[in-house]
Structures are given as structure tokens and as C-alpha cells.
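Accompanying notes for the structure given below.
The values are calculated or read from the model by the stated rules, or taken from the named source; none is laboratory data. Keep in mind that this is a model prediction, so the values were computed, not measured. A quick note on method: Cβ atoms are made from the backbone with ideal geometry, for glycine too, and the neighbour counts reach across all protein chains shown. Calculation scope for accessible area: heavy atoms of the full protein, side chains included, ligands and nucleic acids excluded. Shrake-Rupley method; radii C 1.70, N 1.55, O 1.52, S 1.80 Å.
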Amino acid sequence: SHAVIFLVPEQFTFQSERDLIKALSTGGTLGTTVLSFRRLAYALFNDAGGITAPHLHSAGKCMIIYGILEKLKRELKIFSRSAERQGFVNSISELLTEFKRYKLTPDLLADTCLQMEEDGPLRLKLKELSLIYSEYEKVLEDRYRDSDDDLTLAAVKLRESTIFNRAEIWIDGFSGFTPQEYELIK
């Protein structure tokens, strides 16, 4: 017999586990595990190892971004005034999360800038975001792990792991997927 993995959105894992227990009591399949993408990633990290850097929590992430904005103050033309505004660090933090979900790298942002019309406001914003993002990645390198990178890393670990070999994967409850999630599904 082979394992059955039931992949559901994070907020449905508890309810799905309860539904599964109910189904099993009426003669369903044993060896079924309910996972979210995040839990799937942790299962892979436990199996394939190699994850040693501590996770960076949102407060730490914001402190790092704040430090970067201070450091780059002279280089930032567009965001220099915004940097002082309350909530701006949080906005940048959320933006970095989105970039990672959609597999946008600092280099990709920089390349996009080069293809745009000469110094329009969007180009300047992208250029500065690329700079901030690039600095952020440098600070993290070898010292911390951003949980927003977990799924990208898990897709790499999946190639080294055998825990899901021959498993049947059922996916339910999602309204769509990010490129990071598609990479794992593939």
C-alpha cells in the first residue's frame, strides 16, 4: 500500500483532519496524511536536512529592513521620505513576501528597470526596491532563513528526498497557486 497525502490550504488542515478521521471510522484509507504547503516543507526539511540557519520572525525582518533603509538613506530618492512614515517598513516587508511568492529576484527587478523608459517614477521605484531587496538578501545570507523562502527551498529538497515517492497526492480547497506552490506541485 502507498501513502496518500491530502494537500489543503493552511487554514483548512485542522478541519480536514477531523473530516478524515470521520471518513476513516467508516472504512476509509489508512496511511493518509493531511498537509499544508508549509507542513509539507517542514516534512521535507526533517527528511533531507541541511537547514541550519534560524528562522527570521516578522519583528526581526522589520528591524533588518529598518536598518537597510537607514543605511541606504542617501541612495534612495523616491523612498527616502517614505522611510520615516509609520507602516512603511511593514509595507516593504509585505512586498518582499510577495516577491518571493512570485519568484521575483532582486536581479529580475533590476533587469526590468533596464528595459523601461528612461527614469519614469515606476522605474525609479523598482530600482530602489531592487536595491533594498538585494541588501535584505545579503543580510540574510548564511545567518537567517526567511520563512518566505521555505517553499522555494522545499522544491529543491524534494529532489533529494524519497519520503513522497510512490505517494498519491490529493489537492483540495485552493482557489489558486503562487509560482512557489506550482514549483512544489510540479
Which value results when the Cα radius of gyration for region 72-180 is divided by 2.2 N^0.38 Å? 1.34
Accessible area in square angstrom per residue, the chain, 1.4 angstrom probe: 63 Å²
Largest-first semi-axes in Å of the equivalent ellipsoid built from the Cα gyration tensor of region 35-101 are 32, 13, 10
Express the C-alpha Rg of region 110-167 as a ratio against the empirical globular expectation 2.2 N^0.38 Å, rounded to two decimals. 1.69
May I ask you to compute the full-extension gain from ASP107 to GLU70, defined as 0.36 nm times their residue separation minus their alpha-carbon distance, rounded to one decimal in nm? 11.1 nm
Considering the options ASN90, PRO179, LEU114, tell which one lies farthest towards the positive end of the dipole of region 86-186, charges being +1 on Lys and Arg and -1 on Asp and Glu at the Cβ, about the Cα centre. PRO179
Can you give the calculated 222 nm mean residue ellipticity of the chain, where each DSSP H run of n ≥ 4 adds -39,500 (n - 2.57) and the sum is split over every residue, rounded to the nearest 500 deg cm²/dmol? -17000 deg cm²/dmol
Roughly how many percent of the accessible protein surface of the chain is carbon and sulfur, given a 1.4 Å probe and a whole-percent answer? 53 percent
Ordering of 148-158, 76-86, 103-113 by burial proxy (mean other Cβ atoms within 10 Å per residue, highest first): 148-158, 103-113, 76-86
Can you pull out the GluC sites (Glu not before Pro) in region 97-134 whose DSSP state is coil and whose Cβ has at most 16 other Cβ atoms within 10 Å? GLU117, GLU118
Cα principal axis extents for the chain, largest first, Å: 66, 33, 31
